[in-house]
1. Do we have any residue at all in region 116-132 that's out of contact with any helix residue (DSSP H, G or I) (no Cβ under 7 Å at 6 or more places or on another chain), farther than 21 Å from residue 12 by Cα and either surrounded by 16 or more Cβ atoms within 10 Å (Cβ to Cβ) or acidic (Asp, Glu) (or both)?
2. Which residue is farthest from residue 59 (Cα to Cα), if the candidates are limited to region 1-12 and must be open to solvent by 30 Å² or more (accessible area, probe 1.4 Å) and outside any strand (DSSP E or B)?
3. Which of the numbered conditions does residue 48 fail, given that it passes all the others? Conditions: (1) farther than 22 Å from residue 172 by Cβ; (2) surrounded by 11 or more Cβ atoms within 10 Å (Cβ to Cβ).
4. Counting only residues that are among the small types (Gly, Ala, Ser) and at pLDDT below 95, which one in region 112-126 is farthest from residue 96 (Cα to Cα)?
5. Residue 27 is checked against (1) open to solvent by 50 Å² or more (accessible area, probe 1.4 Å); (2) modelled with pLDDT of 95 or more; (3) touching a Phe, Trp or Tyr at 6+ places or on another chain (Cβ under 8 Å) and fails just one. What number does that condition carry?
6. For a quick check of your reading of the model, give me the residue pairs whose first member lies in region 72-88 and is modelled with pLDDT of 95 or more, whose second is open to solvent by 70 Å² or more (accessible area, probe 1.4 Å), with beta-carbon atoms closer than 6 Å and at least 6 apart or on different chains.
7. Kindly establish whether residue 176 is open to solvent by less than 60 Å² (accessible area, probe 1.4 Å) and at pLDDT below 95.
8. Across region 53-85, what is the number of residues that are of a type outside the set (S, T, N, Q) and either in contact with a strand residue (DSSP E or B) (Cβ under 8 Å, 6 or more places away or on another chain) or open to solvent by 50 Å² or more (accessible area, probe 1.4 Å) (or both)?
Amino acid sequence: MKLYDFGGAPNPKKLRVYLAEKGIKVPTESVDIISGQNRTPDFLKKNPLGGLPVLELDDGTVLTESLALIEYFEDLNPDPPMVGKTALERAQVRALERICELGVMNTVATIFQNTHPFMAARVKQSAEAAENARARLATNLKVIDDKIGSNPFVGGKRPTIADCTLFAALEFAAFCGVEIDPAHANVRRWHESFKQRPSAGA
């Protein structure tokens, strides 16, 4: 088993935090997306979309998409549960994780793509798209802020996959220079607290 990874990307970060929380160790190989290693013919045979992370099993089977990899490892290693113990808990955690990814991580990526000089030569940037994304980000962070409330974790009293995704998303936002509104006090408190967990350094 081998995990193809890149240290600066948010989706691999989400998976690494999850694996660290679970205490799962997987051999890794770095694929430098800055220099385009993920666009080489050999890598595109593993993932035609060129995305990371990618998990290659011992029999040569290749699995892609960070959430699918998390679910795969969760099925193999159900304790401690990070999706939930009951059908209701699993539905609630998965809903929160989707908000954290689609509403925060992907929205930060849209802002980055449309504002950062690094992306100017790669995509047609749009100030309007960035502005719309900032509004979406504020809306989604408000929802997450309310969900966290006074809880130590996004989903309540114990860490879940929603925490892994939100942490990766906020670290990505910091890297991109996307400010998080101080009005989201619960999100900020949660972020500072989660940074102290050993998994944060994964």
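The values are calculated or read from the model by the stated rules, or taken from the named source; none is laboratory data. What you are looking at is a predicted structure, and each value in this text was computed from that prediction instead of being measured. Cβ coordinates were reconstructed from backbone atoms using ideal geometry, including for glycine residues, and neighbour counts include every protein chain displayed. With ligands, DNA and RNA removed, areas are computed over all heavy atoms of the protein, side chains included. Shrake-Rupley method; radii C 1.70, N 1.55, O 1.52, S 1.80 Å.
1. yes
2. First, the residues of region 1-12 that are open to solvent by 30 Å² or more (accessible area, probe 1.4 Å): 1-2, 6-8, 11.
Filter once more, keeping what is outside any strand (DSSP E or B): 1, 6-8, 11.
Details: 1: 8, 6: 23, 7: 26, 8: 28, 11: 24 Å.
Ranking the candidates gives 8 first.
3. Every condition holds for residue 48 apart from (2).
4. Restricting attention to region 112-126, the residues satisfying the condition of being among the small types (Gly, Ala, Ser) are 120-121, 126.
Restricting the remaining residues to those that are at pLDDT below 95 gives 120-121.
Details: 120: 32, 121: 34 Å.
So, considering only residues that are among the small types (Gly, Ala, Ser) and at pLDDT below 95, the one farthest from residue 96 (Cα to Cα) is 121.
5. (3)
6. Here the result reads 83/90, each pair linking region 72-88 to a residue that is open to solvent by 70 Å² or more (accessible area, probe 1.4 Å).
7. Numbers: open to solvent by less than 60 Å² (accessible area, probe 1.4 Å): yes; at pLDDT below 95: yes.
Judged against the criteria, residue 176 is a match.
8. Applying the first criterion (of a type outside the set (S, T, N, Q)) to region 53-85 yields 53-60, 62-63, 65, 67-76, 78-85.
Filter once more, keeping what is either in contact with a strand residue (DSSP E or B) (Cβ under 8 Å, 6 or more places away or on another chain) or open to solvent by 50 Å² or more (accessible area, probe 1.4 Å) (or both): 53-59, 62-63, 65, 68-69, 72, 75-76, 78-80, 85.
Total satisfying the criteria: 19.
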